[in-house]
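Each value in this text was obtained by applying a stated rule to the coordinates, not by laboratory testing. As the structure is a computational prediction, the values presented were derived from the model and not from experiment. So basically every Cβ, Gly included, is an ideal-geometry build from the backbone, and we count neighbours across all protein chains shown.
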């Protein structure tokens, strides 16, 4: 089962269709237990991050057979 | 602090800044040589470096100089930094993601120190106090990335560049997890928006929650 948070819902609205399709593929892989991400650090250890091109999907999988999507972020550089 | 800032000062950069960066590079020379001899031994080299008070003081001074960078200084530094990728291409190793991750980390950190210093310092202090092992590892990872990039400039063989590139990719992957951790730690909306607003059990429902047309 998949759940999404309100934070994720906001982030996904900014994605184009091509990224959304890659996101769907990645989510399907995660639901099948494939190509999982790595845990974040410190207070956010329960969250994992996995790359989708230059995007990072942040999710949690604390409960068996359930994935919660929390965020999707694009890498940013350049401006200080 | 982006390594390229240290190794490729622009002709327009003030003299004192160049002096500090050069002095730092001189102090780093023996560490860089050790990294070049055995890139896989980088963590042990960093552990030694972290005991070297004189070099750490120079790091502090160089970091202060970076804080005064203008936007054009920073873009110039990033340009030199990304040029390092060409050296790795010649060695047949792709470090494009690693360079992006490092640039993102350095740019974001500089932004926070300059624009949100109190909040960033509080977040980082809490991280150190409550998760000392993770904080220690972060210093090792960040410093390893720095030394690997400096070593890249000095590497003279493709074999050595490949070895450095492999280590760089490994550490960048870890650095990215810290960057995301700190970004979330600074994002006030994160904790407020953890409520579940939709579920999906079928492929059709998955399309709906991902808002795919």
Length gained when the stretch residue B:90-residue B:67 is fully extended (0.36 nm per residue, less Cα-Cα span): 5.0 nm
At 7 Å along the Cα-to-beta-carbon direction for both residue A:18 and residue B:37, put a label point, then send me their distance in nm to one decimal. 4.8 nm
Find how many whole Å separate the alpha carbon centroid of the stretch A:1-43 from the alpha carbon centroid of the stretch B:91-150. 24 Å
Considering the alpha-carbon set of the stretch B:114-210 alone, what are its Rg and its Dmax in angstrom? 19.5, 55
Multiplying the sequence separation of residue B:154 and residue B:125 by 0.36 nm and subtracting their Cα-Cα distance, what value in nm do you get? 6.9 nm
With everything on Cα atoms, drop me the angle between helix B:53-67 and the longest principal axis of chain B, reported from 0 to 90° to the nearest 10. 60 degrees
Using 0.36 nm per residue of separation minus the Cα-Cα distance, give me the extension gain between residue A:10 and residue A:46 in nm, one decimal. 10.8 nm
In terms of the alpha carbon gyration tensor, root eigenvalues a ≥ b ≥ c, rounded if a/c is under 1.5 and otherwise prolate when a/b exceeds b/c or oblate, the protein assembly as shown is prolate
Simple spin-label estimate for residue B:47/residue A:39, 7 Å along Cα→Cβ, in nm, reads 2.3 nm
Distance in nm between residue B:189 and residue B:114 label points, each 7 Å along Cα→Cβ, equals 2.3 nm
For chain B, set up a GNM with springs between Cα atoms under 10 Å and report which of B:202, B:107, B:55 has the largest fluctuation. B:202
Taking a ≥ b ≥ c as the square roots of the Cα gyration tensor eigenvalues, with a/c under 1.5 meaning rounded and otherwise prolate when a/b beats b/c, else oblate, which class fits the stretch B:2-210? prolate
